[in-house]
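Right, one structure below, let's go through it.
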Amino acid sequence: MEHGKKQGKADVGDDKEKERDYTHLVLKSDHERRPLYVCPDGHIFLEAFSTMYKPAYDFLVSVAEPVCRPQHVHEYKLTPFSLYAAVSVGLETDAIIAVLRRFSKTELDPSVVEFIKVSTENYGKAKLVLYQNRFFVESADRNVLRVLAQDEIVGQARTQPPADADTN
């Protein structure tokens, strides 16, 4: 993934045509006890024979999409959609990064950390609420509301809630 790209724009091209070479990854000194290879392009490889397979598997299915799961090494991919699903069930950005660091045989590439942050930073910050057959955007974060109000389309649709609306 290229540092600074917007969410969903991993620098992997067409995976079927682009050869992936991970031989440059440096292993941690205790890599034998860790079950994952987390690659700079967001691909994750899980050793199914690892003693840490079960907790790593349980975590991966909540943050990444399966690509291929043969008998010994399973392949997953971090995507904006998989990360959205993770935060929608309560996982936090820092926790996702920390667990990947704990399970990974290699140091996390800064581009992976940035991709996770960019992909999760705004999820759940606002919600669309139906009230008396009208939709309203709610957020506990005033900065999010300011940003939305400055958006051309959202700003044009902006209205004030009725006086009798519950503002909690």
Can you pull out every residue in the stretch 103-118 that is open to solvent by less than 70 Å² (accessible area, probe 1.4 Å) and under 26 Å from residue 144 (Cα atoms)?
111, 112, 113, 114, 115, 116, 118
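For the stretch 73-94, check the following and say yes or no: at least one residue is over 18 Å from the mean Cα position of the chain (by Cα) and modelled with pLDDT of 90 or more. Explain how you work it out, then say what you get.
Our first condition is that a residue be over 18 Å from the mean Cα position of the chain (by Cα); within the stretch 73-94, this holds for 73-74.
If we keep only those that are modelled with pLDDT of 90 or more too, we end up with 73-74.
Checked the stretch 73-94: at least one residue is over 18 Å from the mean Cα position of the chain (by Cα) and modelled with pLDDT of 90 or more.
Let me confirm something: among 91, 83, 100, which residue is outside any helix (DSSP H, G or I) and either within 25 Å of residue 45 (Cβ to Cβ) or open to solvent by 100 Å² or more (accessible area, probe 1.4 Å) (or both)?
Details: 83 fails: outside any helix (DSSP H, G or I); 100 fails: outside any helix (DSSP H, G or I).
Checking each option against the conditions leaves just 91.
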So, in the stretch 119-161, of the ones that are touching a strand residue (DSSP E or B) at 6+ places or on another chain (Cβ under 6 Å) and open to solvent by 100 Å² or more (accessible area, probe 1.4 Å), which residue ends up farthest from residue 90 (Cα to Cα)?
135
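The values are calculated or read from the model by the stated rules, or taken from the named source; none is laboratory data. All values reported here derive from a predicted model rather than from experimental measurement. Don't worry about glycine lacking a Cβ; one is built from the backbone with ideal geometry, like all the others, and counts go over all protein chains shown. Surface areas here come from the heavy atoms of the whole protein model, side chains and all, with no ligands, DNA or RNA. Shrake-Rupley method; radii C 1.70, N 1.55, O 1.52, S 1.80 Å.
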